[in-house]
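Contents: one structure, followed by commentary.
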Amino acid sequence: MGIDHGRSSWGCYVMPGIPEVEEAVATWRAVHVGIGARQLYSKKTATSAFQLIPAAERLRETWKPDEQPFLLLLGWLMSKEKHMSKYAKIYLEQGFDVLSVRITPMQMLWPVKGTQVVAERILDQLHALPPGRPICIHGFSVGGYLFGECLVRLYRSMEKYQGLMQRFVGQVWDSVVDFENIPQGFPKAISTNPVLRKSIEGYIKYHLRVFYNVATVHYKASSEAFVNRPLPCPALFLTSEADPVGEIKKIIGIVENMNQEGIKALVKVWKKSTHCNHFKTYPEDYLSLLGDHLDQIGLLPFPEKFAAHLVQGKKQRIQL
């Protein structure tokens with residue numbers, strides 16, 4: 001008898017008798033059962049992850065039309081609009097327009113048809129802005145990977161995106177994750193179930209190994225761009241000793257390299273805050289650092305609004 005190349009219920013062909021393949025399929029089955037396919041296979045297209053939030057007219061009038069700042073807000077995996085809105089509000093109150101972008105797990109797993117499509121659209125949208133408008137970035141976790149994909153495309157198509165690089169004036173990276181930490185970070189974003197997390201981690205390791213040419217190679221290219229060819233504008237990195245996903249030594253290394261290259265960069269390492277929870281755990285510190293960052297790049301026209309956030313942050317800390 002010949003080998004029966006059976007077809008699984010997920011539409012992929014499997015080869016019985018090969019333990020590694022059978023284990024991966026079994027793991028993926030567990031992932032689907034535990035999470036539900038809807039959470040992984042979103043029907044929304046890459047464009048549906050985009051949300052453009054304009055500042056109130058009275059705040060926009062603070063700036064000249066061609067000098068109004070613009071924020072690119074890059075969410076963490078499985079983040080929701082309600083999560084990002086509290087960060088967007090801080091910038092909106094300073095007269096920024098905000099573009100909030102979030103990627104889905106499947107867009108990350110299959111970057112050519114997923115994250116890279118999102119990255120190109122980001123660049124096109126930023127490049128379409130009036131040339132005098134300064135651009136800031138505030139990214140979380142895999143948002144660093146997404147922006148690394150943007151950098152890869154930006155460096156490959158400098159003529160197409162002429163002048164865009166020089167318009168970035170500030171960057172904030174909260175709980176940024178390198179590709180080496182994807183197997184640990186991806187499961188934590190998907191589920192809180194320890195058993196399921198272990199199964200997902202096993203599949204992700206398999207995915208990175210077997211789909212090297214269609215996935216892993218792109219993660220590495222993104223990391224290379226983010227680490228070794230960063231934006232030449234002031235940067236603030238926020239991380240914690242209690243974050244099992246972030247790699248503090250690597251982040252500190254990035255900051256040191258940026259400073260050596262003449263790019264002003266600062267890193268804040270907290271003790272207890274978990275992944276993407278620094279603002280919730282240390283609201284006063286977080287807002288103070290962010291306010292100083294915006295002030296240093298000349299984009300804090302309403303410091304009193306930041307002061308109000310600091311008061312609220314103090315109340316939040318007391319309640320914790």
Whichever residue in segment 141-153 is part of a helix (DSSP H, G or I) and buried (at least 24 other Cβ atoms within 10 Å of the Cβ) and, among such residues, is nearest to the chain's Cα centre (by Cα)
143
When you check residue 112 against the structure, is it in contact with a helix residue (DSSP H, G or I) (Cβ under 8 Å, 6 or more places away or on another chain) and at pLDDT 95 or above, yes or no?
yes
Run residue 200 past the list (1) assigned to a loop (DSSP other than H, G, I, E, B); (2) in contact with a Ser or Thr (Cβ under 8 Å, 6 or more places away or on another chain); (3) of a type in the set (Val, Ile, Thr) and report the number of the one that doesn't hold.
(1)
So the helices (runs of 4 or more DSSP H) completely within segment 218-320 holding 1 or more residues that are under 28 Å from residue 58 (Cα atoms) are 278-281, 283-296, 303-319
So which residues in segment 78-123 are in a helix (DSSP H, G or I), of a type in the set (Lys, Arg) and touching a residue at least 24 places away in the same chain (Cβ under 8 Å), if there are any at all?
86, 121
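Residues 229, 167: which one is modelled with pLDDT of 85 or more, loosely packed, with under 15 Cβ neighbours inside 10 Å and not polar (S, T, N, Q)? Explain how you work it out, then say what you get.
Details: 167 fails: loosely packed, with under 15 Cβ neighbours inside 10 Å.
Answer to the selection: 229.
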Do we find that residue 172 is surrounded by 17 or more Cβ atoms within 10 Å (Cβ to Cβ), assigned to a helix (DSSP H, G or I) and among the aliphatic types (A, V, I, L, M) in this structure?
no
In segment 232-246, which residues are crowded, with 18+ Cβ neighbours inside 10 Å and farther than 20 Å from residue 299 by Cα?
239, 240, 243, 245, 246
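The values are calculated or read from the model by the stated rules, or taken from the named source; none is laboratory data. The structure presented is a predicted model; accordingly, all values stated were derived computationally and were not measured. Note that each Cβ is placed from the backbone with ideal geometry, even for glycine, and that neighbours are counted across all protein chains shown.
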